[in-house]
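Trainee: Have a look at this one before I ask anything.
The values are calculated or read from the model by the stated rules, or taken from the named source; none is laboratory data. The structure presented is a predicted model; accordingly, all values stated were derived computationally and were not measured. All Cβ positions, even for glycine, are placed from backbone atoms using ideal geometry, and neighbour counts span all protein chains on display. Just so you know, the surface numbers come from the protein's heavy atoms only, side chains and all, with ligands and any DNA or RNA stripped out. Shrake-Rupley method; radii C 1.70, N 1.55, O 1.52, S 1.80 Å.
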Amino acid sequence: MSIAWFGGVEREPSDHCSPTKGAPDGPTTPYTPRLDRTEEAIVVLFCLVDDAYRILNPRGERYASLKRLSDSEVLALALFQQLRGVESEQSFLREAERFFSHLFPGVVGLWPSSLNRRLRKLRRFLEPLRRAVLPDLVGDPETLIVDSTLLSVLHPRQVGQSEGFEGAAWVRWGSFSVYGVKLHLLCATNSVPVSYELTPANAAEVRLTEELLAEAGLGEEVGRRLLGDLAYRSGELEDALAECGVALVTERWRQHGERQRIEICFSSLKRVFGLSETLAKTLVGLATRIAAKMAAYTYGFYVNRLLGRPQGRIKELWA
């Protein structure tokens, strides 16, 4: 793990600000043990992001001296915002300036639009950053789980008053009609997302399954099971997956409760990370926020593992 740079101040990952070391880069902050643990997690998160970003984009820091925040800081702040569960950039920057400006001096007086603009330029690195830590979290799994969830992007009354939302569509859900998108997810049995796709809400699940498996980039030497619900029951899909050495299992009695892991994943993404309550107004904004949430969720698992904490208990470390 590399040395962390926050605002041009060189620190080892273990040399973060604490009640005894003070906060030389910013105003004095009232410390509590909980805040100190959060700072430790932030330093670990930044070092992980910085290490991965330097490999993904070696020339990314060419003009770092001209930037208020480095690219690694912007990406780390984007993940930190999602881990904090704060959807509004304005509210997040207010908190960051008050409690963490000694770690990120560039947030002082930063406009939300500036952070949003920088993140949109860097959004293509969010998924590669997430994939950089996936091998350490899931390895080469034998059992995978696939499912999808609907995300409403506009209230039905708003659709008639606007041009709609590019990339969204109407779909019947029970006795309701939903206007939005669908998140298709492939995850491991430890609830860590492996790959995902965003489509209009009326896209069929079976059409995305092979694409999700292809994006996962898994080896071919391991025989695998793919668990899904009845929406994935298709003879054509079963035959196509069998040719790739993947056995599709849609019968609940053969799944032994393992498919609940993806439901836990969706529940955490919605309850902790606000997956279904984004403030995005465009398709690009929505895709950027979802990519940030998925990356933050994955890094939350990884940071917990590095700090010797229960892997799935994410919220209490960052709230």
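Trainee: Looking only at the range 38-70, how many residues end up being out of contact with any Asp or Glu (no Cβ under 7 Å at 6 or more places or on another chain) and either among the β-branched types (Val, Ile, Thr) or assigned to a helix (DSSP H, G or I) (or both)?
Mentor: 21
Trainee: Identify all residues within the range 98-111 that are closer than 26 Å to Ala287 by Cα and without any contact (Cβ under 8 Å) to a residue 24 or more places away in the chain; write none if there are none.
Mentor: Result: Trp111, single match.
Trainee: Looking only at the range 113-136, filter to residues that are hydrophobic (A, V, I, L, M, F, W, C) and in contact (Cβ under 8 Å) with a residue 60 or more places away in the chain; which one of those is surrounded by the fewest Cβ atoms within 10 Å (Cβ to Cβ)?
Mentor: Kept after step one, since they are hydrophobic (A, V, I, L, M, F, W, C), are these residues of the range 113-136: 115, 119, 122, 125-126, 129, 132-134.
Right, trim to in contact (Cβ under 8 Å) with a residue 60 or more places away in the chain and you get 119, 125-126, 129, 132-134.
Numbers: Leu119: 23, Phe125: 23, Leu126: 23, Leu129: 26, Ala132: 21, Val133: 22, Leu134: 19.
Once the filter is applied, the top-ranked residue is Leu134.
Trainee: Would you pick out the residues in the range 184-199 that are under 22 Å from Arg225 (Cβ atoms) and touching a residue at least 40 places away in the same chain (Cβ under 8 Å)? Lay out the reasoning, then the answer.
Mentor: Initially, the range 184-199 is screened for residues under 22 Å from Arg225 (Cβ atoms), giving 184-197.
Answer for the range 184-199, where residues must be under 22 Å from Arg225 (Cβ atoms) and touching a residue at least 40 places away in the same chain (Cβ under 8 Å): Leu185, Leu186, Cys187, Ala188, Thr189, Asn190, Ser191, Val192, Pro193, Val194, Tyr196.
Trainee: Still on this model: Look through the range 273-310, keep the residues that are closer than 16 Å to Gly180 by Cβ and of a type in the set (S, T, N, Q), and return whichever of them is least open to solvent (accessible area, probe 1.4 Å).
Mentor: Thr278
Trainee: To continue, here is another question. Got at least one residue in the range 245-255 being without any contact (Cβ under 8 Å) to a residue 60 or more places away in the chain and either polar (S, T, N, Q) or within 27 Å of Val86 (Cβ to Cβ) (or both)?
Mentor: Yes, the range 245-255 contains a residue that is without any contact (Cβ under 8 Å) to a residue 60 or more places away in the chain and either polar (S, T, N, Q) or within 27 Å of Val86 (Cβ to Cβ) (or both).
Trainee: Given the conditions (1) assigned to a loop (DSSP other than H, G, I, E, B); (2) within 25 Å of Leu213 (Cβ to Cβ), which single one is not true for Lys281?
Mentor: (2)
Trainee: For Arg313, which of the numbered conditions (1) open to solvent by less than 50 Å² (accessible area, probe 1.4 Å); (2) more than 18 Å from His184 (Cβ to Cβ); (3) part of a loop (DSSP other than H, G, I, E, B) fails to hold?
Mentor: The failed condition is (1).
Trainee: Right, next: Identify, from the list Ser88, Ser2, Ser14, the residue that is at pLDDT below 95, surrounded by fewer than 16 Cβ atoms within 10 Å (Cβ to Cβ), among the small types (Gly, Ala, Ser) and touching a Cys at 6+ places or on another chain (Cβ under 9 Å).
Mentor: Working: Ser88 fails: touching a Cys at 6+ places or on another chain (Cβ under 9 Å); Ser14 fails: touching a Cys at 6+ places or on another chain (Cβ under 9 Å).
Being at pLDDT below 95, surrounded by fewer than 16 Cβ atoms within 10 Å (Cβ to Cβ), among the small types (Gly, Ala, Ser) and touching a Cys at 6+ places or on another chain (Cβ under 9 Å) holds for just one of Ser88, Ser2, Ser14, which is Ser2.
Trainee: Let me ask something else. Just need a number here: residues in the range 71-97 that are part of a loop (DSSP other than H, G, I, E, B), in contact (Cβ under 8 Å) with a residue 60 or more places away in the chain and out of contact with any Ser or Thr (no Cβ under 9 Å at 6 or more places or on another chain).
Mentor: Within the range 71-97, residues that are part of a loop (DSSP other than H, G, I, E, B), in contact (Cβ under 8 Å) with a residue 60 or more places away in the chain and out of contact with any Ser or Thr (no Cβ under 9 Å at 6 or more places or on another chain) number 2.
Residue by residue, here is whether (1) of a type outside the set (Asp, Glu); (2) touching a Cys at 6+ places or on another chain (Cβ under 6 Å); (3) at pLDDT 95 or above holds:
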{"residue": "Arg98", "(1), (2), (3)": "yes, no, no"}
{"residue": "Gly109", "(1), (2), (3)": "yes, no, no"}
{"residue": "Lys121", "(1), (2), (3)": "yes, no, no"}
{"residue": "Glu127", "(1), (2), (3)": "no, no, yes"}
{"residue": "Pro135", "(1), (2), (3)": "yes, no, no"}
{"residue": "Asp140", "(1), (2), (3)": "no, no, no"}
{"residue": "Arg157", "(1), (2), (3)": "yes, no, no"}
{"residue": "Phe165", "(1), (2), (3)": "yes, no, no"}
